[in-house]
Structure formats: structure tokens, C-alpha cells
1. Quick check, is residue 463 surrounded by fewer than 19 Cβ atoms within 10 Å (Cβ to Cβ) and either touching a residue at least 12 places away in the same chain (Cβ under 8 Å) or over 19 Å from residue 600 (Cβ atoms) (or both)?
2. Please enumerate the residues belonging to the range 166-187 that are buried (at least 21 other Cβ atoms within 10 Å of the Cβ), modelled with pLDDT of 95 or more and out of contact with any strand residue (DSSP E or B) (no Cβ under 6 Å at 6 or more places or on another chain).
3. Looking at (1) buried (at least 23 other Cβ atoms within 10 Å of the Cβ); (2) not in a helix (DSSP H, G or I), which is the only condition residue 609 fails?
4. Assigned by TED's automatic domain parsing to the domain that holds residue 579, on the phi > 0 side of the Ramachandran plot and either outside any loop (DSSP other than H, G, I, E, B) or more than 19 Å from the chain's Cα centre (by Cα) (or both) - does that describe any residue in the range 550-562?
5. Restricting attention to the range 93-108, which residues are touching a strand residue (DSSP E or B) at 6+ places or on another chain (Cβ under 8 Å) and under 16 Å from residue 58 (Cα atoms)?
6. Taking into account only those residues within the range 315-347 that are under 36 Å from the mean Cα position of the chain (by Cα) and in a loop (DSSP other than H, G, I, E, B), which is farthest from residue 207 (Cα to Cα)?
């Protein structure tokens, strides 16, 4: 189990960008909140804002906020009514157009009703965007994060709690969403300069462990436990629950056992510790397959009894507790949040008490600037009660807590129709992919480890299906859609990356390729090439937006848009067969930049981009 230092001196520093805007371009003013060394399109937006601001006597900052991405083939659009200036929109537009001078940043402006559309200089776009991607992707010496990263969170720490399965219950599909979304957020915050601490807060405490302990005495096997702890404990749990249905005294024995655990009875805790350790070992294997890593495994059991005791005492002293038949509750009805139980009738702690204690201890230990809980939307009320109680207790850091919620996965079952654990879904997805790959014998032979590749494609299919829509939406799990190589699926994205990766293998005579600044990028004149370049330039903005919304779907949508644009370009922007070697090299540089950015997007989504499949 990894433990993480809280020393702020260890926080990552992104350092200066290895890319800078060339001095031979028209000088632009600096605008707060922009960083052209990491997002080239900031420069073009500043140039547009300057031309509008000069003509309409506004500040560049005022106009910059209104420079939006254009629709239907326009680069950038400014909606004039947003500035609330006196006079007719047509007259304002005429002022801007009359004063406009094309330069190396912006080549034209057109007026359409209330809008001004601006077109960036293609040669400058090609040069700067490909140069920047190359600099940020290949600057290995200073270990820069890849293209799309930024320093928004420089010097800040975020704790992200996600996945959080229950010990002794198999990792089922319900935990999948929390795991995938949480891993994405951890990668996203790292890419934006935050010091990230990933926590897996295990459900490793509670009356169910009393039940398992009672069941273990009757049904337990040491051999079966060591072979697959989670599976064996689950079998025991199912059997003892069936017993409890018939005989109410089983639940009483379980409650008494858990009370002994809460009281620190060593004999009652001994087996539980073994189960916990073996379960974590098994989970680590599951997470490694999913390309997910935690800095720390913690759990409900690790919350200090003293911390919880002090918290309940404080709530008492503040007059926030009311008693109900021996149970203790916090009345939150005036906030429309009902009544929150903080202690059960038998005196044992409950989920909410442990959450409160854990938050207090984490703030002490990690001094976070933000703490995110990735938990299903069914728990919305619980999280609202939890945050409100901390706020009423006077903790000023309570407003640094955030709940990132998500909807349900519906109809997730094996192809035979039975409800499943994640392990079965992954195995089945990998096996279907393996069969698909075998159909092309020549390509299959070229793959070093086909089973591993099949597993990665299967996992990509699962993850992309999960992250393609807004996270709050429920979605219906669909095997055919998930595993198809056509349309917007995970395998399609991997295929796009593999095709881009094959360009160097298929055109060895063009290698080694010089840096983009040494190439004739003016030859990239096809509309398809320009569309790819502009999309690549927008990626840092896509990352920045994802940080605001906590939505993986924005990154997925970008990856599909880029893959479609590349697919449209293959026939016209050719490399193999192009007679002009300089033109072929410029095109290859474009496709390699696209490969690097598509790879960066996939890694952000915790997906390993493949080179062959």
C-alpha cells in the first residue's frame, strides 16, 4: 500500500513551456488567463480581439471573452450584441471590417447578421500548431507533460476518492463507472498541474462483516480463501444471508460480532484483517488491467473512533443532534435535506459518521485545496447531508468538497444474458476481439502479444461506451455497439491510432523526419489537412473545458471528431505514392502530430493507445 507525502515541496511543477511564439510574427498584447506557449489558438483569438477592440473602442479583455469557435467551416466568431454598444449591429460590423487589416494571424473577416466570422492565416496555423505539438510531445529532457497540459492548478492539491468497492463483494459493474470517471479525473487534474492524490476508500467495515464472520465459521475454507478471497467471501455472504432470512438470530449474532470489532476485540478482528488484505491484492490485479492506479488504499475501518466521537460530541454541543429511540440524528429539514442518522440505536457508527471522520482526518493530513467524491447519483442526498453537516460544524474547508455524480449502467450482462462481474465482461470482450483479429492472418502474425492487444481493445470498448455520453445520463450496455470497429466505438479509436502509427513503418524512406519547423508546411493546403490542424489546435481548450465540467464525454467527442477528420483525409492527403518528397514529409508530420494528440486524449481517458492490432 502506497502512502503519499504531504510535503508541499514535492508538488509537481510544469515549468516553462519548451515552445515559444516566433519573434517574426506580429507582436500581440498579453491577455490574463491565456497561454499561447501551451495553446497556440490563444494567439489567434488575441489578434481577433485586438482588431475588434481597436475598431469599437473596447478593451481587448472584453472582446477576448466573446471570441468563440465558429460553426460550419468558420474558425472564430464574434457575436456583436454581447457588447451592448449603442448603434445598429450593421454599423458596428462595418466599423470593424473597414478598419481590418489582414496579417500573419488573421487573413479575413466576413459579416453575417449579428456575427463577424474570422479566418486564421493557414500558413501560420500549420507552422505554429505542428511546431507546438512537436515541442511539447518530444521535449523529453525536461519531462514536460504532453500537449494539452496546462498549469491552471500549479501548486494546488486535490484528493480524489473513487471506485470504493466493498471488501468481500466482487468488483461488479456498478463500481466500473466510479473507477473509469475517477481515473479520468486523476489524469485530467495532473495534466492541469495539480498535485493529485488518488484514494480508494474501501467499504471494509459494517454489520456485513459480522454476517461474514458468522458465516465463515460455518462455510469457510482456508484453501478457497487463498485461491480467490473475494469470490469465496461472496459465496459465504450469499449463504449466510439465506440463513438469516430463515433465522432472525443470525442477524443478532452478526450485530454482536460487529460490535466486538468496533470495540477492538482482537479475536473478532483477526480474520477480518486477512480478508481485507487478500481482497486488496485481488483488486490491485483488477485495477492494473484497467490501467488504473491508486496512491492509497484506505477504508471505513481506518477512520479513527476518537475523531468520530469528537465530531458527534461537537454536534451535540452545537445543539444539532436530536435523539430518536436511542439513535442520533441531525435535523436538516430546514435545508430540505431530511434527517441524517449519525449513530445507530446499538451505538455503532454509520456510513455518514465515518465519512465525516474521514474528511476531518484527510484535511488534517493532506491540507487539500479540493476534495472530489466520485459517487453515483443515487447517493446525491447522502453527499448533500454530509457536506451540510461539515459546514454546520464550522469547517471552512467544507466548501472545497465536490461531488462528481453519474447515472446507472442498465442491462449490463454477459452475452448469454446473466448479470455479471466486471471480470466476466472483460474476459468476454477480449475473447470476441481476439476472434476478430484472427480473421486477418497477416496482421495477426505481426502482433507480438495478440491476447494482450485483444484485452486492451475490449477494455477500450467498455470505457468508451461508458464515457461517450454525459456522465449523469443512465446508459444501456450494448455488446454489439461496444465491440464494433464501425461508428463511434472504442475499437474504432484504437484502429485510427494504429493506422496513424503505421505511417512510419510504411514510409521508411522519409525517415528520419526533421522537426516541423524545417519542413515545407505551406504545402498542406487541402481543406481536409486544414481541418485536422485546426482540430489539433483546439485540444488544449478541450482539456481546459473538461476540467471545468468534469465530463469525460468532451474528450471522447474530440477523439471521434479527430478520427473522422483523419479518415476523411486518407484518400486526398496521401503520403504513400506522393511523388513530391517534401510534400509527403509535411503530410507525414501532420499525421504524426494527429497520432500524438489522439494518443494524449486516449491516455487522459486511462486507455493505452495501441501501435498494432
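The values are calculated or read from the model by the stated rules, or taken from the named source; none is laboratory data. Everything quoted here is computed from the prediction, not taken from an experiment. Cβ atoms come from the backbone with ideal geometry, glycine included; neighbour counts cover every protein chain shown.
1. Taking the combined requirement at face value, the residue does not satisfy it.
2. Passing the criteria: 179, 180, 183, 184.
3. Exception for residue 609: condition (1).
4. Scanning the range 550-562, I find no residue that is assigned by TED's automatic domain parsing to the domain that holds residue 579, on the phi > 0 side of the Ramachandran plot and either outside any loop (DSSP other than H, G, I, E, B) or more than 19 Å from the chain's Cα centre (by Cα) (or both), so the answer is no.
5. Hits for the range 93-108 are 93, 94, 96, 97, 100.
6. 336
For every residue, the table says whether it meets (1) assigned by TED's automatic domain parsing to the domain that holds residue 213; (2) modelled with pLDDT of 95 or more; (3) touching a strand residue (DSSP E or B) at 6+ places or on another chain (Cβ under 8 Å); (4) crowded, with 22+ Cβ neighbours inside 10 Å.
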site: 81; (1), (2), (3), (4): no, yes, no, no
site: 110; (1), (2), (3), (4): no, yes, yes, no
site: 118; (1), (2), (3), (4): no, yes, yes, yes
site: 137; (1), (2), (3), (4): no, no, no, no
site: 148; (1), (2), (3), (4): no, no, no, yes
site: 164; (1), (2), (3), (4): yes, no, yes, no
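Rundown of residues vs (1) at pLDDT 95 or above; (2) under 21 Å from residue 180 (Cβ atoms); (3) touching a helix residue (DSSP H, G or I) at 6+ places or on another chain (Cβ under 9 Å); (4) buried (at least 22 other Cβ atoms within 10 Å of the Cβ), yes/no style:
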| residue | (1), (2), (3), (4) |
| --- | --- |
| 476 | no, yes, no, no |
| 492 | yes, yes, yes, no |
| 499 | yes, no, yes, no |
| 502 | yes, no, no, no |
| 524 | yes, no, yes, yes |
| 535 | yes, no, yes, no |
| 545 | yes, yes, yes, no |
| 565 | yes, no, yes, no |
